[in-house]
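Participant: Let me begin by handing over the structure; questions about it come next.
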Amino acid sequence: MSQTHALSDDQVAGELRKMTAFIRQEALEKAREIQLKADEEFAIEKSKLVRQETAAIDTLYEKKFKQASMSQQITRSTLANRTRLRVLSARQELLDELFQEARGQISGIATKDAKKYESVLKALILEGLYALNEDKVEIRAKKSDYDAIKKVVGEAEKEFKENVGKDVSVSLDEEEPLSEDCAGGVVVIGGQGKIEINNTFEERLRLLEIDALPAVRETLFGKNTNRKFHD
């Protein structure tokens, strides 16, 4: 039969201290565990936030960079277009001056060299005769050129027959003369008055301006490397 010994007050107090120390140790370890877990979660959340903010900053920077690049491209394009328009305008002014000067010079051809002018009139008449290829044609000219026209009409008829092999009758229409403001040349009429070939100096220069403009532009300014097609 066992005997039960009662604990003394000191023993009870010692046991209580042990239990208190054990509980305290458990609490401290639990607190450290909680703190470590909290620190780990904080570090993860902090890293996540840093990545998110970094990505947001990168996105914002990329957006602003694209906007800046686009703005620079627009500015460069605008400046290039303005410069191109200024250059084209200056070139066109130069070409206009060139042909305007030519218009001023052709007005004096008839008076400077009468023989040369008669040869020019004959060539213009013949060109009209070849184009129409008819038996009868009329010619209109300004009154001051009538004498020169009458001198070369016969020669033109003869040369036409020699080259084409048939006669042609050329008459001068004195009822409807060309304006004295005309620099010179003739209008050759066929098709019973329905077809007109305008071989006046002004018309020939106008056609020359249209046809020769690309070549004149290239001579003055060089080839345009940006053009894919040429006249």
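Participant: I want the antiparallel fraction of DSSP beta bridges within the chain, as a percent rounded to 5.
Facilitator: That works out to approximately 65 percent antiparallel.
Participant: Subtract the Cα-Cα distance of Gln67 and Ala38 from 0.36 nm times their separation in residues, and report this length gain in nm to one decimal.
Facilitator: Length gained between Gln67 and Ala38: 6.2 nm.
Participant: Greater than 24 Å separation of Cα atoms is the criterion. Which listed pairs, Lys112/Lys166; Lys112/Lys136; Lys112/Lys161; Lys112/Lys142; Lys116/Lys166, meet it?
Facilitator: Correct reply: Lys112/Lys166; Lys112/Lys136; Lys112/Lys161; Lys116/Lys166.
Participant: Students often get this wrong, so try it: which of (i) 1.89; (ii) 1.09; (iii) 1.03 is Rg/Rh (Cα atoms, Kirkwood Rh) as calculated from the structure shown?
Facilitator: The value matching this structure is (i).
Participant: Here's another thing I want to ask about it. Measure off 7 Å from each Cα along the Cα-to-Cβ vector at Asp10 and Arg24, then give the distance between these two points in nanometres to one decimal.
Facilitator: Label at Asp10, label at Arg24, 2.1 nm between them.
Participant: To continue, here is another question. For helix 201-221, report the angle its Cα long axis makes with the longest principal axis of the Cα atoms of the chain; keep it between 0 and 90° and round to the nearest 10°.
Facilitator: 40
Participant: Mind jotting down the distance between the C-alpha centroids of the range 131-175 and the range 56-103, whole Å?
Facilitator: 56
Participant: Give, in nm to one decimal, the length gained when the segment between Asp181 and Thr78 is fully stretched (0.36 nm per residue of separation minus the Cα-Cα distance).
Facilitator: Contour length minus Cα-Cα distance gives 32.5 nm.
Participant: Same structure, new question: With θ set to phi - 60°, apply the Karplus curve 6.51 cos²θ - 1.76 cosθ + 1.60 along the range 172-185 and write out the HN-Hα couplings as whole Hz, x wherever there is a Gly or Pro.
Facilitator: 9, 7, 8, 7, 10, x, 6, 5, 5, 6, 5, 5, x, x
Participant: With each pseudo-label sitting 7 Å past Cα toward Cβ, what's the Ala31-Lys136 distance in nm, one decimal?
Facilitator: About 13.3 nm separates the two model spin labels.
Participant: Using a Cα-Cα cut-off of under 27 Å, which lysines could be cross-linked to Lys37, ignoring same-chain neighbours fewer than 8 residues away?
Facilitator: Lys46, Lys48
Coordinate-derived values only; no laboratory data. Because the structure is predicted, anything quoted here is derived from the model rather than measured. Glycine gets a Cβ as well: all are built from the backbone with ideal geometry, and neighbour counts include every protein chain shown.
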